[in-house]
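The values are calculated or read from the model by the stated rules, or taken from the named source; none is laboratory data. It should be emphasised that the depicted structure is a prediction, and the values quoted were computed from it without experimental measurement. Note that each Cβ is placed from the backbone with ideal geometry, even for glycine, and that neighbours are counted across all protein chains shown. Just so you know, the surface numbers come from the protein's heavy atoms only, side chains and all, with ligands and any DNA or RNA stripped out. Shrake-Rupley method; radii C 1.70, N 1.55, O 1.52, S 1.80 Å.
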Amino acid sequence: MPKPDSPVSKSPSTLAVLISGRGSNMVSIAKACQRGEINARIELVVSNRPDAEGLKAAKALGLNTAIVDHKQFESRQLFESELAQLLHSYAPQWIVLAGFMRILGEEFVNQWPGKMLNIHPSLLPAYPGLNTHARAIAAGDTEAGASVHIVTPELDAGPVVAQVRVPIKHDDTADTLAQRVLLQEHALFIKALQHCVNKDN
Ligand code: GRF
């Protein structure tokens, strides 16, 4: 029997993680969950690309995986409807976009209001969209970074949960900068999820 004054441990929050490629953010989150650093469990990793490297990594970590290949659907709406149905069947509390490279429509996003997170490799609201590092270098910026934000129907425009700043070096290319930012993304996503799941019941 726990003592009356001992803290009540909350059951882990449940996550579904959406990826499109390498999946290094997903792996970082999964390992933090397994270490107990995030009080959460990944119920499902879904990729829209059958060849995503991250799927192998997810399987190696013992996670459930699925593929919903956007190319197999005639419209974005049909793709999103299939993806939503799959996600609802696992009933995750949080949808985590970790390198998921499809734009999601309003009807899809509004099914998880305030409960969908995305990581974006810029200091939002600067540089929404693609090629963030190349744009920051071309603009002569001295700092780049990454943001974890709540997903709203407007692309990369939802409230920022956490940000990390990374210096841009004079000889950086988009690739060298992306590598430096990515290392920080991993820690940032863990911090953001710790904060978010902390508020769950
Ligand atoms: C990250 O840089 C993320 O910010 C962006 O896509 C990349 C995904 O990397 N949205 P990974 O698949 O997590 O390794």
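Table for the structure above
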| item | result |
| --- | --- |
| Calculated over the chain: convex hull of Cα atoms, volume per residue (Å³) | 135 Å³ |
| Size of segment 142-201 as Cα extents on the principal axes (Å, biggest first) | 47, 25, 16 |
| Long pairs among K10/K31; K71/K115; K115/K191, criterion Cα-Cα beyond 21 Å | K71/K115 |
| For segment 17-68, fraction of C-alpha pairs farther apart than 16 Å, in % | 29 percent |
| Gain upon complete extension [T142, D171; 0.36 nm per residue less C-alpha separation] | 9.3 nm |
| Residues of segment 56-171: accessible area per residue with a 1.4 Å probe, Å² | 54 Å² |
| Computed lengthening from K56 to Q194, 0.36 nm per intervening residue step minus Cα-Cα distance | 47.1 nm |
| Segment 10-27 and segment 74-99: distance between their alpha carbon centers, rounded to Å | 13 Å |
| Cα→Cβ-extended label distance, 7 Å offset, between K71 and S11, nm | 4.0 nm |
| Per-residue HN-Hα couplings for segment 11-26 [Karplus 6.51, -1.76, 1.60; θ = phi - 60°; Hz; x = Gly/Pro] | 6, x, 6, 10, 10, 10, 10, 9, 10, 10, x, 4, x, 5, 5, 4 |
| Viscosity 1.567 mPa s, 4 °C: Kirkwood-radius Stokes-Einstein D of segment 98-201 over Cα pairs, µm²/s | 91 µm²/s |
| Segments 134-144, 40-50, 178-188 sorted - mean Cβ within 10 Å per residue, highest first | 40-50, 178-188, 134-144 |
